[in-house]
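The values are calculated or read from the model by the stated rules, or taken from the named source; none is laboratory data. Because the structure is predicted, anything quoted here is derived from the model rather than measured. FYI the Cβ positions are ideal-geometry reconstructions off the backbone, even for glycines, and counts take in every protein chain you see. Just so you know, the surface numbers come from the protein's heavy atoms only, side chains and all, with ligands and any DNA or RNA stripped out. Shrake-Rupley method; radii C 1.70, N 1.55, O 1.52, S 1.80 Å.
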Amino acid sequence: MELVGSPLTAMYAHPRSTPNNFLPAISTMASSYKNRFPYYPLPQTFTLPWMPRSYYKTAAINPTLASFTKCAERVTPGKTLPFVCNRTDPFTRYTLEDWNQSNMTNYKESENSRQNSERLRDDTCRMIQDKHQQTMKTQLESTKNLGVRVNDIGFWKSELCHELDEMIKETRALTDVKKRLERALAETEAPLQVARECLLHREKRMGIDLVHDEVEKQLLREVDIIKSCQERMQQHLDKTKAQLMSNRGAQHDLERDLADKQAAHRIDDKCYHLRNTSDGISYYRGVECVDATITVPETWAKFTDTNIFRAQNDRAASAKLRDNIETLLAVTAEEMWSQFNTVNVAFTNRISETADAKSKIQSHLAKTLQEIFQLEMSIAAIRKAIRDKGPPLKVAQTRLDERTRRPNMELCRDPPQLCLVNEVYELDEAIQNLHQRLRDAEDTLQTLVRAKSALEHDLVVKANSLFIDQEKCMGMRKTFPITPRLVSYV
């Protein structure tokens, strides 16, 4: 289809000469209309772009004088006129033959011009009909394409609306699961704090009771399990936040694409219903040269299909993540509850062992106190016996001292002398034995006193351990959250 106002490709179309305000010479004017067709851009006031008011303008060509040599060619050498400076009589410029030849030439050129004009008018009528039919056909084809385009946009609009609704539902469901997961994660702080406080309180046990027993092992394991549950919950919480961001990104893309589709549908539907008699139509010169398109139908459809595919993938990933979170909540609640019961059983066994040890210590302490009392009585008897050996020893030693004053030969080693010496030795030995026994008894008494002190200290230790395990720890563990709170259903 040729543009309106474009030059025709007929054989008689040639560029025009520059117009002037003077008439041309005869020979030049005769040739100026041969094979000429005017071309001017159409004014904006035309009612129809394919039917101009006038194709021609007034011809104006600068006059040109025929050259002397050209005129001389038509004059035979025998009829050559004398030079102007030398002639004395008037003379004509052309001969009769020149005049007749000029008329014949003008007639022939006029006839050729009329024939060309007739051919031009016939071609113009055919061209007008062809262009009209071609215009109507092209307009119908454009309207049909616009209708197909409107249907395509409507189809993708419905797909985008459906996917957008599903994405909004999935995002809301994932948001609810995220809130439950956050509550469950917050609920784990209480049992973790209880376990840590139990370990801290058990650090206040004294002496030998600071033992790495089964209770401490299970408490440490409980802390590890709770931390592990918190880490897994935090990881899933981070995944949930990232998935929510991805869902919102896909939702934003869908909303933006849907808004673009709605605007394009409104514009193309308006264009589809435009007719030649519609209001608001006008000329927009050069609009056909402006190419503002950035896609082709393949990339246009692929863009929306990619957005929908991404949204479907995000929805599938979000649903899978929700299932994983539900499973995680149930598993972590079961693990923590099971370990809670295990720690309580270990506490119960340890409290029973401590109470039994305390009762045994009390029994041994009573026996030790009785033995200390009896040993003190024995020590008192030994000291009395030592005191009782003093007078006999004094008597025997006094006798020996007095007998040393016997004169001369009276200093006889007689049986009384020997008996007194033996008596002194026996008394010294008895006193030494009694002193040794007294020291042994006092050492034994000190041992019993230390044992008594140890038993009393151990009894205090056991009482402290019982108070810590039974009163403080088990008292706090009564506040451990129940399973429904861990699963975050309440």
- Message: Among the residues that make up the stretch 326-333, is at least one of them modelled with pLDDT under 95 and touching a Phe, Trp or Tyr at 6+ places or on another chain (Cβ under 8 Å)?
- Response: no
- Message: Checking the structure you have, find out if any residue of the stretch 321-329 is closer than 23 Å to residue 176 by Cβ, of a type in the set (Val, Ile, Thr) and assigned to a helix (DSSP H, G or I).
- Response: yes
- Which one of the conditions (1) among the aromatic types (Phe, Trp, Tyr); (2) more than 30 Å from residue 430 (Cβ to Cβ); (3) loosely packed, with under 14 Cβ neighbours inside 10 Å does residue 337 fail to meet, given that it meets all the rest? (3)
- Query: What about residue 190, is it touching a residue at least 24 places away in the same chain (Cβ under 8 Å), under 21 Å from residue 305 (Cα atoms) and touching a helix residue (DSSP H, G or I) at 6+ places or on another chain (Cβ under 9 Å)?
  - Reply: no
- Message: Tell me yes or no: at least one residue of the stretch 77-85 is open to solvent by 90 Å² or more (accessible area, probe 1.4 Å), at pLDDT below 90 and part of a helix (DSSP H, G or I).
- Response: yes
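Looking at 453, 465, can you tell me which residue is hydroxyl-bearing (Ser, Thr, Tyr), assigned to a helix (DSSP H, G or I) and either touching a strand residue (DSSP E or B) at 6+ places or on another chain (Cβ under 7 Å) or surrounded by 15 or more Cβ atoms within 10 Å (Cβ to Cβ) (or both)?
The unique qualifying residue is 465.
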- Only one of 351, 294, 308 is β-branched (Val, Ile, Thr), open to solvent by less than 30 Å² (accessible area, probe 1.4 Å) and over 30 Å from residue 222 (Cβ atoms), namely 308
- Applying the selection to the stretch 226-278, what residues are open to solvent by less than 70 Å² (accessible area, probe 1.4 Å), charged (D, E, K, R) and in contact with a Lys or Arg (Cβ under 9 Å, 6 or more places away or on another chain)? 253, 261, 268
- Condition check for residue 303: among the aromatic types (Phe, Trp, Tyr), under 30 Å from residue 177 (Cα atoms), touching a helix residue (DSSP H, G or I) at 6+ places or on another chain (Cβ under 8 Å) and part of a helix (DSSP H, G or I): no
- Pair list, Cβ under 6 Å, 6 or more apart: the stretch 197-224 residue part of a helix (DSSP H, G or I), other residue among the polar types (S, T, N, Q): 209/465; 218/342; 222/339
- Query: Which pairs have Cβ atoms under 8 Å, sit 6 or more apart or on different chains, and link a residue in the stretch 248-275 that is more than 18 Å from residue 294 (Cα to Cα) to one that is assigned to a helix (DSSP H, G or I) and among the β-branched types (Val, Ile, Thr)?
  - Reply: 248/171; 251/168; 251/171; 254/308; 269/150; 272/143; 272/150
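So that you can scan it fast, the table gives a plain yes or no per residue for (1) on the phi < 0 side of the Ramachandran plot; (2) at pLDDT below 90; (3) loosely packed, with under 12 Cβ neighbours inside 10 Å; (4) in contact with a Phe, Trp or Tyr (Cβ under 8 Å, 6 or more places away or on another chain):
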| residue | (1), (2), (3), (4) |
| --- | --- |
| 379 | yes, no, no, no |
| 416 | yes, yes, no, no |
| 422 | yes, no, yes, no |
| 434 | yes, no, no, no |
- Expected output for the stretch 430-445 (first residue under 19 Å from residue 388 (Cα atoms), partner open to solvent by 70 Å² or more (accessible area, probe 1.4 Å), Cβ below 7 Å, 6+ apart or cross-chain) is 438/383
- Item | Residue under evaluation residue 279, criteria (1) out of contact with any helix residue (DSSP H, G or I) (no Cβ under 7 Å at 6 or more places or on another chain); (2) not in a loop (DSSP other than H, G, I, E, B), criterion not met | (2)
- Among the residues of the stretch 110-166, how many are more than 24 Å from residue 266 (Cβ to Cβ) and within 32 Å of the chain's Cα centre (by Cα)? 1
- Hey, any hits in the stretch 380-403 for a residue that's in a helix (DSSP H, G or I), closer than 30 Å to residue 198 by Cα and touching a helix residue (DSSP H, G or I) at 6+ places or on another chain (Cβ under 6 Å)? no
